[in-house]
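Shown next, in structure tokens, is the structure this report addresses.
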Amino acid sequence: MSLLFDSYSIKGLELKNRIVLSPMCQYQAMNQQGVPEPWHLVHLVSRAIGGTGLIMTEMTNVEPIGRITDQCLGIYSDESEMEFKKINKEIHKYGAKSAIQIAHAGRKSKVTEGTIVAPSAIAFSDEYDVPKELTLQEIENIVQMFADAAKRAVRAEFDAIEIHGAHGYLLHQFISKATNKREDKYGNPTLFAKEVIEAVKAEMPGDMPLIMRISAIEYTNEPYTLEDMIGYCKTFVEAGVDMFDVSTGGNSPNRPDVFPAYQAKYAKAIKEALHVPVISVGSLENPDVAEHVLRYGSADLVSIGKGMLKDPHWAKSAAEKLKVELDMPGVYGLGY
Ligand SMILES: Cc1cc2nc3c(=O)[nH]c(=O)nc-3n(C[C@H](O)[C@H](O)[C@H](O)COP(=O)(O)O)c2cc1C
């Protein structure tokens, strides 16, 4: 019996298997307005057709200067909301569920209009602009933008919301002391994220799970530890997070050593310390490795990134490898 193809439920979200499409920026919003295009529909729906249980959108930003590039998605307009609703309708036809990753890039934005912002005026690298330090009023406004994005996501019929608190984007910039040098109340590493979580949660139906992607450790010169992050996560759970999606790094150009399941131990540590469900991500493309991560109790769900760029039917391919029957829609089954 394969755990990968076992069903899973958290609050009102019922998944047919444990496979998640990892959020991956497509840089394909050629309209420059953050509105999903046919590319996004094809990208997301084809992975649903391929058997994925939970389809997660790419980082979808709460305001124009919160996008990484002019071609990144946003959920701050009626047009985006409408296009996402169409995409969700298609995803649901294939028995998959959908989640939106809502985010703000902060200092890691390269948009061509507007001034980029961050907790402190420190550039990500020489290739990025120095961000403007956010005022208290501007921080309050961004918290409200996350709430508005959640409201739109619910109306667009997403089944879950993931807050992007990882990879050096705005929430993570507040969490990390390498990027947060503030001396006001937001110098507290968890305060901004806590306010965002509470604001988002207030807009969600009671049975809709709130997921948060975190960087369990970071590779900066002033890193927090895994134990620090476990403490922060305790605050995030109290604020309303139901599940963590556990990644690492991103707040500096330094990168980790990558090997199969290289981040699974962090997911396991957070799951065990806080008794919360977790998603593991990072080099889980080999279905035997993904299955092992679930069996070993490191995670409740596994998220597949590049493996699904290569193969939209990754779930079906994994089922073939693990000798699990998985029906494909239409005539696609004939291909097997
Ligand atoms: C092209 C690309 C875009 C990505 N965009 C995002 C993103 O929008 N949000 C996010 O949290 N992670 C993003 N990631 C990271 C992936 O979600 C995933 O965590 C990472 O690729 C490791 O998983 P993998 O080894 O299965 O690829 C991106 C990765 C790639 C390759």
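The values are calculated or read from the model by the stated rules, or taken from the named source; none is laboratory data. If you're wondering where the values come from, they're calculated on a predicted model, not measured in any experiment. Glycine also receives a Cβ, built like all others from the backbone with ideal geometry; neighbour counts cover every protein chain displayed.
Contact annotation: residue pairs with Cβ atoms under 7 Å, 6 or more positions apart or on different chains, pairing a residue in the range 277-296 that is more than 17 Å from Phe5 (Cβ to Cβ) with a partner that is among the acidic types (Asp, Glu) and more than 12 Å from the ligand (Cβ to nearest atom), are Pro277/Asp300; Val278/Asp300.
The residues on offer are Ile19, Ile102, Ile10, and the sole one that is under 20 Å from Lys151 (Cβ atoms) and among the aliphatic types (A, V, I, L, M) is Ile102. Apart from one condition, Gly335 fits all of (1) without any contact (Cβ under 8 Å) to a residue 12 or more places away in the chain; (2) within 15 Å of the ligand (Cβ to nearest atom); the exception is (2). Is there any pair linking a residue in the range 249-264 that is closer than 22 Å to Glu291 by Cα to one that is more than 10 Å from the ligand (Cβ to nearest atom), with Cβ under 6 Å and at least six apart or on different chains, and which? From residues that are closer than 22 Å to Glu291 by Cα, the pairs are Pro260/Val289; Ala261/Val289; Ala261/Val293; Ala264/Val293; Ala264/Ser298. Against the conditions (1) surrounded by 17 or more Cβ atoms within 10 Å (Cβ to Cβ); (2) within 21 Å of Glu222 (Cβ to Cβ), where does Ala149 fall short? Just the number, please. Unmet condition: (2). Filter the range 50-75 for residues that are crowded, with 23+ Cβ neighbours inside 10 Å and hydrophobic (A, V, I, L, M, F, W, C); which is farthest from Ile116 (Cα to Cα)? Filtering the range 50-75 for residues that are crowded, with 23+ Cβ neighbours inside 10 Å and hydrophobic (A, V, I, L, M, F, W, C), the one farthest from Ile116 (Cα to Cα) comes out as Leu54.
For the range 27-43, a residue qualifies if it is touching a residue at least 40 places away in the same chain (Cβ under 8 Å) and either touching an Asp or Glu at 6+ places or on another chain (Cβ under 7 Å) or surrounded by fewer than 16 Cβ atoms within 10 Å (Cβ to Cβ) (or both), and the qualifying residues are Tyr27, Gln28, Ala29, Met30, Gln33, Val35, Pro36, Leu41. Taking the criterion of being more than 17 Å from the chain's Cα centre (by Cα), modelled with pLDDT of 95 or more and aromatic (Phe, Trp, Tyr), would at least one residue in the range 221-237 satisfy it? Yes, because at least one residue in the range 221-237 is more than 17 Å from the chain's Cα centre (by Cα), modelled with pLDDT of 95 or more and aromatic (Phe, Trp, Tyr). Here Ile142, Ile87, Ile122, Ile65 are screened, and the one residue that is touching a Pro at 6+ places or on another chain (Cβ under 9 Å), β-branched (Val, Ile, Thr) and within 23 Å of Arg182 (Cα to Cα) is Ile122.
Filtered by the rule that a residue be among the hydroxyl-bearing types (Ser, Thr, Tyr), touching a strand residue (DSSP E or B) at 6+ places or on another chain (Cβ under 8 Å) and within 17 Å of Phe174 (Cβ to Cβ), the range 93-144 gives a lone residue, Ser120.
Hey, can you tell me all the residues within the range 162-192 that are among the hydrophobic types (A, V, I, L, M, F, W, C) and touching a strand residue (DSSP E or B) at 6+ places or on another chain (Cβ under 6 Å)? Passing the criteria: Ile163, Ala166, Leu171.
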